[in-house]
Amino acid sequence: MASAKDDLYPRKILDYMEGFLVSKTLFAACELGVFEQLHASAQPLSAVELSRALGTSEDATERLLSACVGLELLNTHTHTDGEVSFSNTEMSTVFLIESSPRSLFHSIHYSSRSIYLCWHYLSDAVREGKNQYEKAFGTNSKDLFEAIYRCDEEMVKFMHLMNSIWNICGRDVITAFDLSPFRSIYDLGGCSGALAKHCVSVYPESSVTIFDLPKVVKTSREHFVSQRDDRIHFHEGDFFKDALPPADLYILARILHDWTDQRCVELLRKVYQSCTQGGGVLLVEALLHEDNSGPLTVQLYSLNMLVQTEGRERKGSEYSRLLTAAGFTCIHIHRTGKIYDVILARK
């Protein structure tokens, strides 16, 4: 006699197997400009109208739009003559339109054009235990960020990715602890400055200095941080090679997960030595459960670190050991219940 599992298990496996179909549908709709075109229109558009505007096949466009409706990315409107037209859902308007303050458009674009290509070689990454930039892009990854920033276009795409993440999650992590006692803050690898903007907004008595590579600083000044952000400053350098100026607090947001334990302790020791007495370091990372049971998102992120970096996602206890090895004490872990968690350690 067949059990419920006989139906459930195959469906589950098929759902897992077909997951890439969902992501590629989303990627294609964004890249083709479906959501942008509908947003710019004063009224819903038919598949014929959209295909003409986008320069795409009418039949193929209709199939793509139908799938987007199934994914709750588009609404349908049936007219009296039977014609069907399409409009964006609220979710698409908020998160898929490039001009939206909470847009994930650039994150999706980077996932499609860069991350997805590395994931094609996941099996090789598991066999070899190293990232797959060489196979995916023909780029040597001995210097990790030279591989990630392998051209100006890739660097800007990565910066837009980080900008979109912190536009959504930044305030949650900045307010996880009261950071008001820290007036001088350095955001190491601060990239586009999105997290720095949240920081000075929440803590108006503080100033934040973005410490990043010279070409990143140049791009951030040109595209992301304006002169109106007068409490945000820049310091050009490589935090592994160059001295860190003294500060009350150092923020390492999604930095340590890029690196091996040895490199993490090396960086944290530099931070400890430069930190003012009573100051600290704020780590922002996605934490695994202590029994390794999840969260699934973080387990998948750890595989992403395998195909893209030298690092991994870690448990709170593992970050505590790294901080202790560097000299930090009074370590507090705050699980936000959202994507990223926060650890504050004091000197």
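Taken as a whole, the condition of being open to solvent by less than 20 Å² (accessible area, probe 1.4 Å), in a helix (DSSP H, G or I) and in contact with a Ser or Thr (Cβ under 6 Å, 6 or more places away or on another chain) does not apply to S192. Checked across the range 312-335, the condition of being modelled with pLDDT of 95 or more, of a type in the set (V, I, T), out of contact with any helix residue (DSSP H, G or I) (no Cβ under 9 Å at 6 or more places or on another chain) and open to solvent by 40 Å² or more (accessible area, probe 1.4 Å) holds for at least one residue. Scanning the range 237-254 for residues that are farther than 16 Å from D143 by Cβ and either out of contact with any strand residue (DSSP E or B) (no Cβ under 9 Å at 6 or more places or on another chain) or of a type outside the set (D, E, K, R) (or both) turns up A243, L244, P245, P246, A247, L249, Y250, I251, L252, A253.
Listed here are the residues, each with its yes/no results for (1) buried (at least 20 other Cβ atoms within 10 Å of the Cβ); (2) of a type in the set (A, V, I, L, M); (3) more than 14 Å from the chain's Cα centre (by Cα).
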site: T260; (1), (2), (3): no, no, yes
site: C264; (1), (2), (3): yes, no, yes
site: K270; (1), (2), (3): no, no, yes
site: G279; (1), (2), (3): yes, no, yes
site: L282; (1), (2), (3): yes, yes, yes
site: E290; (1), (2), (3): no, no, yes
site: T297; (1), (2), (3): no, no, no
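How do the helices (runs of 4 or more DSSP H) wholly within the range 13-121 filter down when requiring 1 or more residues that are open to solvent by 60 Å² or more (accessible area, probe 1.4 Å) and among the hydrophobic types (A, V, I, L, M, F, W, C): which remain?
Where helices (runs of 4 or more DSSP H) fall fully within the range 13-121 and carry at least 1 residues being open to solvent by 60 Å² or more (accessible area, probe 1.4 Å) and among the hydrophobic types (A, V, I, L, M, F, W, C), they are 19-32, 34-40, 90-95, 116-119.
The single condition from (1) in contact (Cβ under 8 Å) with a residue 40 or more places away in the chain; (2) outside any strand (DSSP E or B); (3) closer than 25 Å to T309 by Cβ that K241 fails is (1).
For the range 203-242, which residues satisfy the criterion of being open to solvent by less than 40 Å² (accessible area, probe 1.4 Å) and more than 29 Å from R263 (Cβ to Cβ)? Once the filter is applied, which keeps residues that are open to solvent by less than 40 Å² (accessible area, probe 1.4 Å) and more than 29 Å from R263 (Cβ to Cβ), the range 203-242 yields only Y203.
Quick check on my filter: what residues within the range 132-162 are more than 18 Å from the chain's Cα centre (by Cα) and not in a helix (DSSP H, G or I)? Of everything in the range 132-162, those that are more than 18 Å from the chain's Cα centre (by Cα) and not in a helix (DSSP H, G or I) turn out to be Q132, G138, T139, N140, S141, K142, D143, R150, C151.
Quick check, is K338 of a type outside the set (S, T, Y), open to solvent by 60 Å² or more (accessible area, probe 1.4 Å) and either more than 29 Å from D143 (Cβ to Cβ) or free of Cβ contacts under 8 Å to residues at least 12 places away in the same chain (or both)? Answer is yes for this residue. Screening E128 with (1) at pLDDT below 95; (2) loosely packed, with under 14 Cβ neighbours inside 10 Å; (3) not aliphatic (A, V, I, L, M) gives one miss only, at (1).
Consider the range 173-188 and keep the residues that are open to solvent by less than 10 Å² (accessible area, probe 1.4 Å) and more than 12 Å from S206 (Cβ to Cβ). The one that is farthest from the chain's Cα centre (by Cα) is L188.
The residue that is farthest from D143 (Cα to Cα), among those in the range 201-229 that are assigned to a helix (DSSP H, G or I) and small (G, A, S), is S201.
The values are calculated or read from the model by the stated rules, or taken from the named source; none is laboratory data. Predicted model only: the values in this text are computed from it and were never measured. Counting neighbours? That spans all protein chains shown, and the Cβs are built from the backbone with ideal geometry, glycine included. Ligands, DNA and RNA are stripped out before the accessible areas are found, and what is left, the full protein with its side chains, is counted by its heavy atoms. Shrake-Rupley method; radii C 1.70, N 1.55, O 1.52, S 1.80 Å.
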